[in-house]
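A quick write-up on the structure given underneath.
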Amino acid sequence: MKDALKMAAQFMALSARTAPKTAGKDFVEIKVIDDEAELAKLGEEMAAYGEKHGKRNYDRDGKGVASCGAVLLVALKDAKTAGLNCGACGYDECAKLPKARDGIEFAGPFCAWRLVDLGIAVGSAVKTASMLNVDNRIMYRIGVVARKMKLIEGDVVLGIPLSATGKNIFFDR
């Protein structure tokens, strides 16, 4: 199953890369993590982060990551505005949007359309996982810790763990 999950992760990365982006400008970064030791370390760091910051469920999700076969990281990096002057970001003109700066877990603010691009890329990736019958779940918590560990360069990061077992391990609540 390990080889199948690696291949599925690559197909998911392909789906994220080719997903439509606003005005054809691509600010999405993608990385597959499939090394068992690296997955275990990410899971441990997630639990430690939750403990240190008093945040719930980082330990639970860290256990899922440590026992999964691969994780797809999808990030938004150095995104420029779309130039639409639409106001969706809260500013009337794109030029008024402040430069992104590091926040507690992610950087921001960003052009709303670039965040939509990230969502479409992630949605395309999980659609591919679903078509391949690979258990997965989009996780905010993975992105926080993967960014802090510098596993991927990005200002906003989401993680998608992958598993192939008799029961989806990411929905044990």
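Annotations
- Subset of segment 67-101 [basic (Lys, Arg) and touching a residue at least 60 places away in the same chain (Cβ under 8 Å)]: 77
- Number of residues in segment 163-173 that are of a type in the set (A, V, I, L, M, F, W, C) and assigned to a strand (DSSP E or B) equals 0.
- Residues of segment 137-162 that are more than 11 Å from the chain's Cα centre (by Cα), touching a residue at least 60 places away in the same chain (Cβ under 8 Å) and outside any helix (DSSP H, G or I): 149, 151, 153, 162.
- Going through (1) in contact with a Ser or Thr (Cβ under 7 Å, 6 or more places away or on another chain); (2) loosely packed, with under 14 Cβ neighbours inside 10 Å one by one, residue 19 falls short only on (2).
- Residue 110 falls short on exactly one of the conditions (1) surrounded by 13 or more Cβ atoms within 10 Å (Cβ to Cβ); (2) of a type outside the set (Lys, Arg); (3) under 29 Å from residue 6 (Cβ atoms); (4) free of Cβ contacts under 8 Å to residues at least 60 places away in the same chain, and that condition is (3).
- Test: residue in segment 2-9 that is more than 19 Å from the chain's Cα centre (by Cα), acidic (Asp, Glu) and within 18 Å of residue 135 (Cβ to Cβ): yes
- Meets criteria (farther than 19 Å from residue 43 by Cβ and among the basic types (Lys, Arg)) for residue 150: no
- Restricting segment 133-173 to residues that are among the charged types (D, E, K, R) and surrounded by 17 or more Cβ atoms within 10 Å (Cβ to Cβ), the residue that is nearest to residue 21 (Cα to Cα): 155
- Residue list for segment 33-46, filter: surrounded by 19 or more Cβ atoms within 10 Å (Cβ to Cβ) and of a type in the set (A, V, I, L, M, F, W, C): 33, 39, 42, 46
- Residue check for residue 130: loosely packed, with under 15 Cβ neighbours inside 10 Å and either assigned to a helix (DSSP H, G or I) or in contact with a Cys (Cβ under 7 Å, 6 or more places away or on another chain) (or both): yes
- Test: residue in segment 76-94 that is closer than 24 Å to residue 169 by Cα, of a type in the set (Gly, Ala, Ser) and either part of a loop (DSSP other than H, G, I, E, B) or over 19 Å from the mean Cα position of the chain (by Cα) (or both): no
- Hey, residue 24 modelled with pLDDT of 95 or more and surrounded by 14 or more Cβ atoms within 10 Å (Cβ to Cβ) or not: no
- Residue satisfying all of: in segment 47-62; within 19 Å of residue 163 (Cβ to Cβ) and charged (D, E, K, R); surrounded by the most Cβ atoms within 10 Å (Cβ to Cβ) among these: 61
The values are calculated or read from the model by the stated rules, or taken from the named source; none is laboratory data. Keep in mind the model is a prediction, meaning the values are calculated, not measured. Note that we place each Cβ from the backbone using ideal geometry, even for glycine, and neighbour counts take in every protein chain shown.
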